[in-house]
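Undergrad: Provided herewith is a single structure, encoded as structure tokens, for subsequent inquiry.
The values are calculated or read from the model by the stated rules, or taken from the named source; none is laboratory data. On a predicted model such as this, the values are computed, not experimentally measured, just so you know. Ideal geometry is used to build each Cβ from the backbone, glycine not excepted, and the neighbour counts take in all protein chains shown.
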Ligand SMILES: Nc1ncnc2c1ncn2[C@@H]1O[C@H](COP(=O)(O)OP(=O)(O)OP(=O)(O)O)[C@@H](O)[C@H]1O
Ligand SMILES: [Mg+2]
């Protein structure tokens, strides 16, 4: 097992006040390591997305702390957290959030452009990443012209184009058929994950469990189990 | 251009229908504002055309005069008193009136008649044909060759006509700096001929034109004239008095102001509304950018850029459209009064900036409110 990528200490998050107060995450602590594919699983509403958002600098916890590569991110200023997201973390959102008015390759280049890379250079690098996900020939199409699985791969290309150390996927296979979902995860495991990377996937999809190095179970805002999968598909 | 702005531009321009709607809104507003204001400036500048054309430094008039062409005649003693004021180099009378001309074809045409002081011909126009001394010849008139010239059946030197049942003879053609507002031709003659040809009341002096010895004498001259119960205005003061009359006393200014305000409001609502919808539709995108790591100020820059880009193009189109239309109108109607001034352009530009500002403000507020977490949750 590699070094610790993310360390969550007693994270608590609630929404609303008084009568309407719901505690989405109740004292969650865990570690995710480099070189590891970590799954977070659990029923709907158990707090998976909330937890994922807190460890990736998107949602501020009410209590507890998050260390990303040893740095306490919620002590940082909001612009610095934005920079951390930009430079260290790649996101694949559940419904992709591709930009319909941009071409596929421009979509992939977005993190690079936000990093101030020059436009043409960013497109060039973007094209390389599209090649990695096998969609180089779709570079000039609008994302809506692509199939769901292809869009998901574009989203992955965008997430990895910025060279993040940590990749966060929320339900990456939810809207894909079983076969496509498996292929995506297999691709992530074999091509994206490496010793310097940590990949965290939230999923309901038991068909892809066999790729996980660790599986963390959540229920009702609590982490109720953490197991290492010693015979994960490499 | 920085990459972020390029993304902003693509988000905006690639959404063709919204982009066009935005442009239409702004172009329309700019077009209407410029048209209204240009008509108004044109009318104002023409309303003072006689003041400009005569060119005197000081005008003495009855205080009730508010419009160069409707003068109130003054008794002769005002002229002699004016001449005796210290600091007055010379003072001469001028006559403004209207007469009816019977043309060769038998048609009648109203004209405005300017009667120049017989001794000095002060306020004379620049001649393009004929000699100014010929104005002293019998029945002599000089016709101004402006947009209204054709209404006199384009006379030449030597053409005869009847003016208020007297004989008239064209001895020269003149050009003047500025055309009049009322769309009738102008003829010049001597003061004495003018008052003999045109029936008048007991008093005949329309204005007294004064040339001061020095600029610094002007306040004293004005004071002395005031003591006589009359008013002495510098050219600029007189022009302003006339403009104020048209602006505030005729309802024209109010109407133009209202039309301009309405154009502005309509333009603002179309473009503001469309821009708001545009932002709303792209809210998820801005949220995704935020989640990926765009900072607040970068998103603000994008929105400001989108708003000002649209505003500038709309402004350009609006100005172009208005000028084009005015050029066309002038081709067909030579006396068409509209004029585009820097003031109008600047005013419309400021209004457009306000539109862009309001639209961006709404957009920025929305975008800063959006939580990347909400994007994340889908
Ligand atoms: N902004 C919010 N305001 C109020 N309650 C919220 C908010 N966000 C999340 N919650 C609540 O917190 C709880 C956990 O939500 P979360 O989205 O983390 O669940 P999840 O495990 O990701 O579920 P799913 O599998 O359906 O995506 C839910 O009960 C949800 O209703
Ligand atoms: Mg979720």
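Undergrad: In this structure, is residue A:112 at the interface with chain B (Cβ under 9 Å from one of its Cβ atoms) and either more than 19 Å from the chain's Cα centre (by Cα) or touching a residue at least 60 places away in the same chain (Cβ under 8 Å) (or both)?
TA: Spelling it out, it is not the case that residue A:112 is at the interface with chain B (Cβ under 9 Å from one of its Cβ atoms) and either more than 19 Å from the chain's Cα centre (by Cα) or touching a residue at least 60 places away in the same chain (Cβ under 8 Å) (or both).
Undergrad: Kindly indicate which of A:28, A:32 is touching a strand residue (DSSP E or B) at 6+ places or on another chain (Cβ under 9 Å) and more than 12 Å from ligand 1 (Cβ to nearest atom). Steps first, answer last, please.
TA: On the way: A:28 fails: more than 12 Å from ligand 1 (Cβ to nearest atom).
Exactly one residue qualifies, and that residue is A:32.
Undergrad: Tell me, which strands (runs of 3 or more DSSP E) wholly within the stretch B:70-167 include 2 or more residues that are in contact (Cβ under 8 Å) with a residue 24 or more places away in the chain and in contact with a helix residue (DSSP H, G or I) (Cβ under 7 Å, 6 or more places away or on another chain)?
TA: Answer list for the stretch B:70-167: B:88-102, B:108-116, B:140-144.
Undergrad: Being surrounded by 14 or more Cβ atoms within 10 Å (Cβ to Cβ), assigned by TED's automatic domain parsing to the domain that holds residue B:159 and either at pLDDT below 85 or more than 28 Å from residue B:146 (Cβ to Cβ) (or both): is that true of residue B:184 here?
TA: Numbers: surrounded by 14 or more Cβ atoms within 10 Å (Cβ to Cβ): yes; assigned by TED's automatic domain parsing to the domain that holds residue B:159: yes; either at pLDDT below 85 or more than 28 Å from residue B:146 (Cβ to Cβ) (or both): no.
For residue B:184, the condition - surrounded by 14 or more Cβ atoms within 10 Å (Cβ to Cβ), assigned by TED's automatic domain parsing to the domain that holds residue B:159 and either at pLDDT below 85 or more than 28 Å from residue B:146 (Cβ to Cβ) (or both) - is not met.
Undergrad: Quick check: is even one residue across the stretch A:181-200 closer than 28 Å to residue B:373 by Cβ, modelled with pLDDT under 90, within 16 Å of ligand 1 (Cβ to nearest atom) and under 19 Å from the mean Cα position of the chain (by Cα)?
TA: yes
Undergrad: Name the residues in the stretch A:58-74 that are under 27 Å from residue A:22 (Cα atoms) and out of contact with any strand residue (DSSP E or B) (no Cβ under 8 Å at 6 or more places or on another chain), would you?
TA: A:58, A:60
Undergrad: Oh, and also: Please count how many residues of the stretch A:115-152 are away from every other protein chain (no Cβ under 13 Å) and within 19 Å of residue B:291 (Cβ to Cβ).
TA: Residues meeting the conditions: 3.
Undergrad: Oh, and also: So residue B:264 clears everything in (1) farther than 19 Å from residue B:96 by Cβ; (2) over 28 Å from the mean Cα position of the chain (by Cα) except one condition, right? Which one?
TA: Only one criterion in (1) farther than 19 Å from residue B:96 by Cβ; (2) over 28 Å from the mean Cα position of the chain (by Cα) is unmet by residue B:264, namely (2).
Undergrad: Given the options B:54, B:30, name the one that is surrounded by fewer than 23 Cβ atoms within 10 Å (Cβ to Cβ) and away from every other protein chain (no Cβ under 14 Å). Reasoning before the result, please.
TA: Working: B:30 fails: surrounded by fewer than 23 Cβ atoms within 10 Å (Cβ to Cβ).
Answer to the selection: B:54.
Undergrad: For residue B:318, indicate whether it is under 30 Å from residue A:170 (Cβ atoms) and either within 16 Å of ligand 2 (Cβ to nearest atom) or surrounded by 20 or more Cβ atoms within 10 Å (Cβ to Cβ) (or both).
TA: Judged against the criteria, residue B:318 is not a match.
Undergrad: Let me ask another. Would you please name the residue that is farthest from the chain's Cα centre (by Cα), looking only at residues in the stretch A:51-97 that are within 8 Å of chain B (Cβ to nearest Cβ) and within 14 Å of ligand 1 (Cβ to nearest atom)?
TA: The residue in question is A:59.
Undergrad: Let me ask something additional. Wholly within the stretch B:259-378, which helices (runs of 4 or more DSSP H) include no fewer than the required count, namely at least 2 residues that are at pLDDT 90 or above and away from chain A (no Cβ under 14 Å)?
TA: Counting at least 2 such residues, we get B:296-332, B:342-369.
Undergrad: For the structure I just gave you, tell me whether residue A:98 is within 16 Å of ligand 2 (Cβ to nearest atom) and either crowded, with 17+ Cβ neighbours inside 10 Å or farther than 30 Å from residue A:144 by Cα (or both).
TA: Spelling it out, it is not the case that residue A:98 is within 16 Å of ligand 2 (Cβ to nearest atom) and either crowded, with 17+ Cβ neighbours inside 10 Å or farther than 30 Å from residue A:144 by Cα (or both).
Undergrad: Same structure, new question: Taking the stretch A:38-50, which residues are more than 21 Å from residue A:210 (Cα to Cα) and more than 13 Å from every other protein chain (Cβ to nearest Cβ)?
TA: A:46, the sole residue that qualifies.
Undergrad: Moving on to the next point. For the stretch A:1-37: of the residues being within 22 Å of the chain's Cα centre (by Cα) and within 16 Å of ligand 2 (Cβ to nearest atom), which is farthest from the other protein chains (Cβ to nearest Cβ)?
TA: A:28
Undergrad: Separate question: Out of curiosity, is residue B:176 without any contact (Cβ under 8 Å) to a residue 60 or more places away in the chain and under 31 Å from the mean Cα position of the chain (by Cα)?
TA: So residue B:176 fails the test.
Undergrad: If we scan the stretch A:158-169, do we find a residue that is more than 14 Å from chain B (Cβ to nearest Cβ), surrounded by fewer than 19 Cβ atoms within 10 Å (Cβ to Cβ) and under 24 Å from residue B:377 (Cα atoms)? Spell out how you get there, then give the answer.
TA: From the stretch A:158-169, those more than 14 Å from chain B (Cβ to nearest Cβ) are none; that's our starting set.
Checking the stretch A:158-169: not a single residue is more than 14 Å from chain B (Cβ to nearest Cβ), surrounded by fewer than 19 Cβ atoms within 10 Å (Cβ to Cβ) and under 24 Å from residue B:377 (Cα atoms).
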